[in-house]
Amino acid sequence: MSNIVAIANQKGGVGKTTTAVNMAAGLALKGYRVLCIDFDPQGNLSNYLGWEPDDRPTISDLMTDAAQNRMDNIPNAVRTGNENFDYIPSDIALASADLFLSSVMCREQVLKRITNQPLLQQYDYILIDCLPSLGILLTNALTAADSLIIPVQAQKFALDGLGQLESVYMMVKENLNPKLEIAGVLLTMVDNTNMSRAVEDALASAYGDKLFTSRIHKSVEASNSTYEQRSLVSRNSSRLGNEYRSMVAEYIERS
Ligand SMILES: Nc1ncnc2c1ncn2[C@@H]1O[C@H](COP(=O)(O)OP(=O)(O)O)[C@@H](O)[C@H]1O
Ligand SMILES: [Mg+2]
């Protein structure tokens, strides 16, 4: 049985994709079998992992199929990238999911039908890199997941909107997926400013020990890593790589 983790925050640019890739690489380094699902129509995770558009199915194809109870495309959708874990890429077609899911029965459970398939259940961890929105795709991710990790950027307005995300989390937990838990809140892009410290204090009082002790500093290493299509964790002398390794150790210890 896989442990399924959704990495979500409806704000863009808070470090979700960077966290998904580096958490996956960190878990794989510890010997776990890991699958990442790119669940954002922008396809940033696919890009980070070196994916080039091809004729094979993406997560949007799998969602369309699963809405009609077809699962035969799953094996062909799983890719092995530059890193030591697998992934399912996404493309812009996922953006029309709202439309095609609107008429589907049990439309919150379509991704769960996919992750429930034996081929995917062979992974120790499935990480879902969510899109920056609170719509039906996020609900699908939270319905498929066992837990939720919320990256929060240590910048102004960081806490705005977290209440809305929590409402969606509670709605899914109460109505669709009782086992769903918040695995942790991860502070990202930390720097040496009063604003950064203020966000950290506010998160510590709002989330207590749900706030990861490991935090991710702001560094140009992150964008270099995306550009070079190679995880931070796979580099020996990367500060952010070390921080993500320590976040993964903390995550494993807690779960
Ligand atoms: N710790 C960090 N320090 C500096 N820049 C970062 C950091 N983490 C991510 N970034 C950069 O910020 C941008 C948004 O990060 P990303 O992980 O794509 O966020 P999201 O998936 O939430 O939109 C990217 O350009 C990424 O390279
Ligand atoms: Mg992203």
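The values are calculated or read from the model by the stated rules, or taken from the named source; none is laboratory data. Note that this is a predicted model, so its numbers are computed, not measured. Glycine gets a Cβ as well: all are built from the backbone with ideal geometry, and neighbour counts include every protein chain shown. When the accessible area is computed, the model is the full protein with side chains, heavy atoms only, and any ligands, DNA or RNA have been set aside. Shrake-Rupley method; radii C 1.70, N 1.55, O 1.52, S 1.80 Å.
Kindly list, by first and then second residue, each pair from a residue in the stretch 129-142 that is more than 16 Å from GLU166 (Cβ to Cβ) to a residue that is near ligand 2 (Cβ under 8 Å from one of its atoms) and aliphatic (A, V, I, L, M), limited to pairs with Cβ atoms under 6 Å and residues at least 6 apart or on different chains.
ASP129/ALA20; ASP129/LEU45; LEU137/LEU131
Determine which member of the set LEU159, LEU165 is farther than 11 Å from ILE4 by Cβ, within 14 Å of ligand 1 (Cβ to nearest atom) and not basic (Lys, Arg).
Answer to the selection: LEU165.
What pairs can you find where one residue is in the stretch 98-109 and in a loop (DSSP other than H, G, I, E, B), the other is β-branched (Val, Ile, Thr), and their Cβ atoms are less than 9 Å apart, with a gap of 6+ or different chains?
Sorted first by the residue in the stretch 98-109, then by its partner, the pairs are VAL104/VAL110.
How do the pairs read when you match residues in the stretch 232-255 that are outside any helix (DSSP H, G or I) with residues anywhere that are modelled with pLDDT of 95 or more and of a type in the set (A, V, I, L, M), using Cβ under 6 Å and keeping only pairs 6 or more apart or on different chains?
Short answer, once both residue conditions are applied: LEU232/LEU240; VAL233/ALA25; SER234/ALA25; SER238/LEU232.
In this structure, does THR115 turn out to be within 22 Å of GLY26 (Cβ to Cβ) and over 17 Å from the mean Cα position of the chain (by Cα)?
Considered against the rule, which asks whether it is within 22 Å of GLY26 (Cβ to Cβ) and over 17 Å from the mean Cα position of the chain (by Cα), THR115 comes out as no.
Residues are listed down the side, and each one gets a yes or a no for (1) away from ligand 1 (no atom under 16 Å from the Cβ); (2) at pLDDT 95 or above; (3) of a type in the set (A, V, I, L, M, F, W, C); (4) out of contact with any helix residue (DSSP H, G or I) (no Cβ under 8 Å at 6 or more places or on another chain):
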| residue | (1), (2), (3), (4) |
| --- | --- |
| ILE37 | no, yes, yes, no |
| PRO41 | no, yes, no, no |
| ARG56 | yes, yes, no, no |
| GLN68 | yes, no, no, yes |
| ASN73 | yes, yes, no, no |
| VAL78 | yes, yes, yes, no |
| GLY81 | yes, no, no, yes |
| LEU99 | yes, no, yes, yes |
| TYR123 | yes, yes, no, yes |
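Considering only the stretch 236-255, state which residues are charged (D, E, K, R), within 14 Å of ligand 1 (Cβ to nearest atom) and surrounded by fewer than 18 Cβ atoms within 10 Å (Cβ to Cβ).
Within the stretch 236-255, just ARG239 meets the criteria.
Would you pick out the residues in the stretch 175-234 that are open to solvent by 40 Å² or more (accessible area, probe 1.4 Å), among the aliphatic types (A, V, I, L, M) and within 16 Å of ligand 1 (Cβ to nearest atom)?
Selection gives MET189, MET195, VAL220.
Evaluate the stretch 165-173: report whether one residue or more is modelled with pLDDT under 95 and open to solvent by 20 Å² or more (accessible area, probe 1.4 Å).
No; the residues of the stretch 165-173 include none that is modelled with pLDDT under 95 and open to solvent by 20 Å² or more (accessible area, probe 1.4 Å).
Examine the stretch 103-110 for a residue that is open to solvent by 40 Å² or more (accessible area, probe 1.4 Å), more than 16 Å from ligand 1 (Cβ to nearest atom) and over 18 Å from LEU142 (Cα atoms), and state whether such a residue exists.
There is at least one residue in the stretch 103-110 that is open to solvent by 40 Å² or more (accessible area, probe 1.4 Å), more than 16 Å from ligand 1 (Cβ to nearest atom) and over 18 Å from LEU142 (Cα atoms).
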